[in-house]
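Read the structure below first, then the notes.
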Amino acid sequence: MARSLNRRTFAGTSVALAASLPLMRASAQDATPAANAEAELEIFSWWTTAGEAKGLEQLFLAFSEQYPDVEIINAAVAGGAGSNAQVALQTRLSGGEPPDSWQSHPGKELYSLYVEPGYTLAITALWEAQGWLDAYPQGLIDQVTFDGDQYLVPVGVHRGNVMFYNKQVLADNGLEVGEELTVDQYTQMATTLADAGIPALALGSQDSFAAPQLFENILLGQLGPEGYSGLWDFTTPWDGEEVTKSIETFGQMLEHVNDDHPSLTWDAAMDKVIAGECAFTSMGDWAWGHAVSNGAEEQIGYVTHAGTAGGFVAVVDGFTLPVDPPHPTNAESWLKTVGSAEAQTAFAPFKGAIPARTDVDTSGFNDYMQWSASDFAEAEVVASMAHGAAASPQHRLSIFDATVFFLADGDVASYQEQLALAAEDAQANQ
Ligand code: GAL
């Protein structure tokens with residue numbers, strides 16, 4: 001009984017995809033607790049915005065093709081980067097009521113939130129049986145492997161360091177973005193746009209990850225991939241001059257953002273760019289999925305975040321296998337689906353991602369995906385703090401908290417001090 005109550009609570013916030021998928025329920029009000037345990041599959045994620053939900057729907061369709069009799073319960077909880085979903089999930093996991101599979105980023109998030117507390121099963125045998133060790137890039141395999149065992153099946157790779165812009169707004173102001181964009185070029189454009197009364201950058205800081213992600217992109221631009229990665233293994237000093245310069249750049253960029261940013265989410269910020277109310281947004285390429293699902297891809301241009309050409313901030317999504325899943329056979333089948341080339345190929349264009357497998361035929365990809373896939377192969381790939389992989393959950397939270405203060409007071413020295421203290425704590429507790 002507890003289980004069905006719990007489902008009701010979570011399914012109530014899920015996306016209404018049921019209309020397009022007869023076997024899927026957006027609400028579990030009509031769930032029959034006594035139903036055959038293997039008749040259902042409950043999937044937990046935070047994919048609820050337009051492009052995210054469409055991507056998820058593709059995964060559900062791929063699963064339903066293979067297992068048409070299984071009813072999929074979409075237990076998605078809204079909130080960018082999983083801010084609400086991760087909290088709700090912890091309640092379920094600590095109460096012993098896991099869904100059949102849930103979304104996680106690899107790296108420190110996967111390890112600290114799920115592997116280390118014993119919520120996930122090792123899926124090493126599945127990895128071997130499915131031939132995934134030959135299908136995924138080694139760097140990604142490393143991020144899902146702990147003590148020699150795999151714990152996640154990656155489905156897609158997003159790029160976190162992209163600036164999307166409204167082509168018409170730039171053209172109207174005599175501006176043009178080339179193959180690359182430097183920080184100086186961006187700063188000059190921001191001044192020109194300010195003179196025309198247009199905020200250069202759309203920010204949606206209601207999502208707690210949005211401003212920290214902007215900052216991590218600035219850090220990458222200032223420090224380069226090696227120096228940036230050193231921030232997370234503590235070989236790059238947080239109290240050094242490069243971090244000071246990064247914070248100064250962050251402050252300058254924040255001078256030219258939309259005034260209503262505290263009340264907007266990342267997708268509402270992207271909507272401002274689509275509507276021509278702001279020129280740019282710095283966001284992961286789920287924002288491209290958002291533009292595509294709104295039919296706006298022709299209006300939107302893209303370039304690596306100012307100063308980060310040659311670097312690729314990877315934001316990888318994948319799915320886990322819980323200890324004691326309610327529907328063990330379906331849970332494993334789900335992982336087989338999301339690990340398949342077919343499902344990843346169907347998912348990626350809607351989500352704005354590229355498939356996580358490298359053995360996928362890329363010839364049918366749209367221009368954006370071609371661009372991202374070739375950069376993923378050639379650029380220096382680094383992990384994202386804002387999306388869980390690079391820093392421990394506690395370290396990430398401390399950075400998020402310090403960033404809230406910086407957004408309010410713009411105090412460079414105090415922000416850097418908070419960041420240095422957070423790194424000291426994280427290093428001591430690793
Ligand atoms: C990221 C996730 C993406 C996208 C984004 C915004 O953490 O990896 O798939 O959903 O959050 O919600």
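The values are calculated or read from the model by the stated rules, or taken from the named source; none is laboratory data. Everything quoted here is computed from the prediction, not taken from an experiment. Using ideal geometry, Cβ is built from the backbone for each residue, glycine included, and neighbour counts are taken over all protein chains shown. Accessible surface areas use protein heavy atoms only, side chains included; no ligands, DNA or RNA. Shrake-Rupley method; radii C 1.70, N 1.55, O 1.52, S 1.80 Å.
Thr304: touching a Ser or Thr at 6+ places or on another chain (Cβ under 8 Å) and modelled with pLDDT of 95 or more, yes or no?
Working: touching a Ser or Thr at 6+ places or on another chain (Cβ under 8 Å): no; modelled with pLDDT of 95 or more: yes.
Spelling it out, it is not the case that Thr304 is touching a Ser or Thr at 6+ places or on another chain (Cβ under 8 Å) and modelled with pLDDT of 95 or more.
Going by what's in this entry, would Glu42 be described as among the charged types (D, E, K, R), open to solvent by less than 10 Å² (accessible area, probe 1.4 Å) and more than 10 Å from the ligand (Cβ to nearest atom)?
On the way: among the charged types (D, E, K, R): yes; open to solvent by less than 10 Å² (accessible area, probe 1.4 Å): yes; more than 10 Å from the ligand (Cβ to nearest atom): yes.
Criteria met by Glu42.
Return the residues of segment 80-100 that are within 15 Å of the ligand (Cβ to nearest atom) and either at positive phi or among the hydroxyl-bearing types (Ser, Thr, Tyr) (or both); say none if nothing qualifies. Talk me through it step by step, then tell me what you get.
Filtering segment 80-100 for residues within 15 Å of the ligand (Cβ to nearest atom) gives 80-89.
Once the filter is applied, which keeps residues that are within 15 Å of the ligand (Cβ to nearest atom) and either at positive phi or among the hydroxyl-bearing types (Ser, Thr, Tyr) (or both), segment 80-100 yields Ala81, Gly82, Ser83.
Looking at segment 58-73, is at least one residue modelled with pLDDT of 95 or more, in a helix (DSSP H, G or I) and within 15 Å of the ligand (Cβ to nearest atom)?
If we filter segment 58-73 for residues that are modelled with pLDDT of 95 or more, which is where we start, we get 58-73.
Then drop every residue that is not in a helix (DSSP H, G or I), which leaves 58-66.
Restricting the remaining residues to those that are within 15 Å of the ligand (Cβ to nearest atom) gives 58-59.
Scanning segment 58-73 turns up at least one residue that is modelled with pLDDT of 95 or more, in a helix (DSSP H, G or I) and within 15 Å of the ligand (Cβ to nearest atom).
It is to be established whether one or more residues within segment 197-214 are open to solvent by 40 Å² or more (accessible area, probe 1.4 Å), more than 16 Å from the ligand (Cβ to nearest atom) and either free of Cβ contacts under 8 Å to residues at least 12 places away in the same chain or of a type in the set (Gly, Ala, Ser) (or both).
Checking segment 197-214: at least one residue is open to solvent by 40 Å² or more (accessible area, probe 1.4 Å), more than 16 Å from the ligand (Cβ to nearest atom) and either free of Cβ contacts under 8 Å to residues at least 12 places away in the same chain or of a type in the set (Gly, Ala, Ser) (or both).
Could you run through segment 302-318 and say how many residues are within 16 Å of the ligand (Cβ to nearest atom), of a type outside the set (Phe, Trp, Tyr), in contact with a Lys or Arg (Cβ under 9 Å, 6 or more places away or on another chain) and open to solvent by less than 10 Å² (accessible area, probe 1.4 Å)?
Here the count works out to 3.
Being among the β-branched types (Val, Ile, Thr) and either out of contact with any helix residue (DSSP H, G or I) (no Cβ under 8 Å at 6 or more places or on another chain) or within 16 Å of the ligand (Cβ to nearest atom) (or both) is the filter here; which residues of segment 128-168 pass it? Working first, answer last.
Applying the first criterion (among the β-branched types (Val, Ile, Thr)) to segment 128-168 yields 141, 144-145, 153, 155, 157, 162.
If the condition is that a residue be among the β-branched types (Val, Ile, Thr) and either out of contact with any helix residue (DSSP H, G or I) (no Cβ under 8 Å at 6 or more places or on another chain) or within 16 Å of the ligand (Cβ to nearest atom) (or both), then Val144, Thr145, Val153, Val155, Val157, Val162 are the ones that fit.
Taking interchain pairs and intrachain pairs at least six residues apart, which have beta carbon atoms under 7 angstrom, with the first residue in segment 255-266 and assigned by TED's automatic domain parsing to the domain that holds Asp411 and the second open to solvent by 30 Å² or more (accessible area, probe 1.4 Å) and more than 16 Å from the ligand (Cβ to nearest atom)?
So the pair list comes out as His256/Ala194; His256/Pro199; Val257/Pro199; Asn258/Pro199; Asn258/Lys272.
So which of Phe405, Phe347, Phe400 ends up being away from the ligand (no atom under 15 Å from the Cβ) and either open to solvent by 40 Å² or more (accessible area, probe 1.4 Å) or touching a Pro at 6+ places or on another chain (Cβ under 8 Å) (or both)? Lay out the reasoning, then the answer.
Details: Phe347 fails: away from the ligand (no atom under 15 Å from the Cβ); Phe400 fails: away from the ligand (no atom under 15 Å from the Cβ).
Of Phe405, Phe347, Phe400, the one residue that is away from the ligand (no atom under 15 Å from the Cβ) and either open to solvent by 40 Å² or more (accessible area, probe 1.4 Å) or touching a Pro at 6+ places or on another chain (Cβ under 8 Å) (or both) is Phe405.
List every residue pair whose Cβ atoms lie under 6 Å apart, where the two residues are 6 or more positions apart in sequence or sit on different chains, the first residue falls within segment 385-413 and is at positive phi, and the second residue, located anywhere, is of a type outside the set (Phe, Trp, Tyr).
Matching pairs, first to second residue: Gly388/His105; Gly388/Glu109; Gly410/Gly251.
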